[in-house]
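Participant: Input: one structure, supplied below.
The values are calculated or read from the model by the stated rules, or taken from the named source; none is laboratory data. Just so it is clear, the model here is predicted, and its values are computed rather than measured. Cβ sites come from the backbone with ideal geometry, for glycine too, and all protein chains shown count toward neighbours.
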Amino acid sequence: MDIRQMEYVIALAEERNFTRAADLTGISQSGLSSAIRSLEEELGTQLFERTTRRVEPTAAGLALVPHARSILDEVARARDAVVRASRAATGSLRVGAEQCLGLVDVAALLERFHRRYAGVKTEFVQAGSHDLVEATRSGEIDVAFVATNKRLGTLRQTVIGQEPLVVLLPPEHRVAASTPLRWSSLDGQDFVDFGTSWGVRTLNDEALAAHGVNRRVRCSVNDVNTLLDLVRRGLGIAIVPKHVAAKPGASSLMSMALPGSTTPDWTVSAITTAQEHTDIPAVLFLELLGDSRGMRELATVR
């Protein structure tokens, strides 16, 4: 067994899909399949049941997952201890993020940064993406995690990942009968959406307007759980990043792909004005974000 195999096991156990797990771990699908098969041969047991539609961990696979997490955590702690002993840093770091980005666990990243650089005073604020862009540009925030490509200008951008948008609605809603979904089916519908400072709100407004869809945002929220609750109660349908549809609060709801092949992708990025030789804490924070092992850890916490 090696560290990369442990990463593959965790990704496949969470994603239940070879394609998504391969994308997450930065390996080809055939390479991932070969690595899992090699591990199964080494251990003398099957770790995953494969079907044409889904992958499920066996009892042996489920037994391995917590140990795989423990191994990766110990490796991360060892790396952090070495960095802490060899690269002391001081100063302050102000980080902002939009809620529920899905592709990166900001709290986990902050925890690991603090573990490495305990001498740096860290502060955190949560806000909508458009507000975070302006706060980063004005110097109020050093690094922000946003879900927008709007008004970035000269800000440095590190793209973390992308997801498609989906329509979320109660299965008894009349739009659910429109299969496949048509843009005209959304016309005149009541919607639950996020506030205007959220990046996804802008994506939704632009996509619907481009296809001639008139809608009424009946409920405007700043919390994912509230959005799901309102949709469940029939107060409107919602267009959300795909990972939101996988949340427990959406288990009773129906998810539908947007029509056509030209729908916008929801893009999550880290943005900053930090300069390499002057803004040391921010540079170190982005360095940790860019570390392939760090990205694997953060991406698996959904």
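Participant: Residues LEU47, LEU24, LEU32: which one is over 24 Å from PRO164 (Cα atoms) and not polar (S, T, N, Q)?
Facilitator: Numbers: LEU24 fails: over 24 Å from PRO164 (Cα atoms); LEU32 fails: over 24 Å from PRO164 (Cα atoms).
Exactly one residue qualifies, and that residue is LEU47.
Participant: Further question on the same structure: So which residues in the range 12-61 are among the β-branched types (Val, Ile, Thr) and surrounded by 13 or more Cβ atoms within 10 Å (Cβ to Cβ), if there are any at all? Don't jump to the end; show me each part of the working.
Facilitator: Restricting attention to the range 12-61, the residues satisfying the condition of being among the β-branched types (Val, Ile, Thr) are 19, 25, 27, 36, 45, 51-52, 55, 58.
Correct list: THR25, ILE27, ILE36, THR45, VAL55, THR58.
Participant: In addition: Considering every residue within the range 255-264, establish whether at least one is modelled with pLDDT under 95, over 16 Å from the mean Cα position of the chain (by Cα), surrounded by fewer than 17 Cβ atoms within 10 Å (Cβ to Cβ) and among the hydrophobic types (A, V, I, L, M, F, W, C).
Facilitator: Yes, the range 255-264 has at least one match.
Participant: Out of the residues in the range 39-66 that are free of Cβ contacts under 8 Å to residues at least 12 places away in the same chain, in a helix (DSSP H, G or I) and more than 24 Å from the chain's Cα centre (by Cα), which is farthest from ASP2 (Cα to Cα)?
Facilitator: Taking the candidates together, the pick is ALA59.
Participant: While we're here: Wholly within the range 90-154, which strands (runs of 3 or more DSSP E) include no fewer than the required count, namely at least 3 residues that are in contact with a Phe, Trp or Tyr (Cβ under 9 Å, 6 or more places away or on another chain), outside the structural domain of VAL221 (by TED's automatic domain parsing) and surrounded by 19 or more Cβ atoms within 10 Å (Cβ to Cβ)? Talk me through it step by step, then tell me what you get.
Facilitator: Details: elements: 91-97, 120-126, 143-146.
Strands (runs of 3 or more DSSP E) meeting the threshold: 91-97.
Participant: Here's a follow-up. Select, from VAL244, VAL217, VAL192, the only residue that is buried (at least 21 other Cβ atoms within 10 Å of the Cβ), touching a strand residue (DSSP E or B) at 6+ places or on another chain (Cβ under 6 Å), under 24 Å from THR148 (Cβ atoms) and not assigned by TED's automatic domain parsing to the domain that holds ALA97.
Facilitator: Values: VAL244 fails: touching a strand residue (DSSP E or B) at 6+ places or on another chain (Cβ under 6 Å); VAL217 fails: buried (at least 21 other Cβ atoms within 10 Å of the Cβ).
Checking each option against the conditions leaves just VAL192.
Participant: In a helix (DSSP H, G or I), among the hydroxyl-bearing types (Ser, Thr, Tyr), out of contact with any strand residue (DSSP E or B) (no Cβ under 7 Å at 6 or more places or on another chain) and modelled with pLDDT under 95 - does that describe any residue in the range 201-211?
Facilitator: Here is the first cut: in the range 201-211, the ones in a helix (DSSP H, G or I) are 201-210.
Now restrict to residues that are among the hydroxyl-bearing types (Ser, Thr, Tyr): 202.
Applying the additional criterion that residues be out of contact with any strand residue (DSSP E or B) (no Cβ under 7 Å at 6 or more places or on another chain) yields 202.
Filter once more, so that each one left must be modelled with pLDDT under 95: 202.
Among the residues of the range 201-211, at least one is in a helix (DSSP H, G or I), among the hydroxyl-bearing types (Ser, Thr, Tyr), out of contact with any strand residue (DSSP E or B) (no Cβ under 7 Å at 6 or more places or on another chain) and modelled with pLDDT under 95, which makes the answer yes.
Participant: Only one of VAL104, VAL82 is within 18 Å of the chain's Cα centre (by Cα), at negative phi and of a type in the set (A, V, I, L, M, F, W, C); which? Can you show your working first?
Facilitator: Values: VAL82 fails: within 18 Å of the chain's Cα centre (by Cα).
The match here is VAL104.
Participant: Quick one: count up the residues across the range 222-259 that are outside any helix (DSSP H, G or I) and free of Cβ contacts under 8 Å to residues at least 24 places away in the same chain. Show your work before the answer.
Facilitator: Just the residues of the range 222-259 that are outside any helix (DSSP H, G or I), to begin with: 222-223, 233-241, 247, 251-259.
Subsequent filtering for residues that are free of Cβ contacts under 8 Å to residues at least 24 places away in the same chain retains 233, 247, 251.
So the answer is 3.
Participant: Another question about this same structure. Against the definition (in contact with a Lys or Arg (Cβ under 6 Å, 6 or more places away or on another chain) and closer than 25 Å to ALA246 by Cα), how does GLU7 come out, yes or no?
Facilitator: yes
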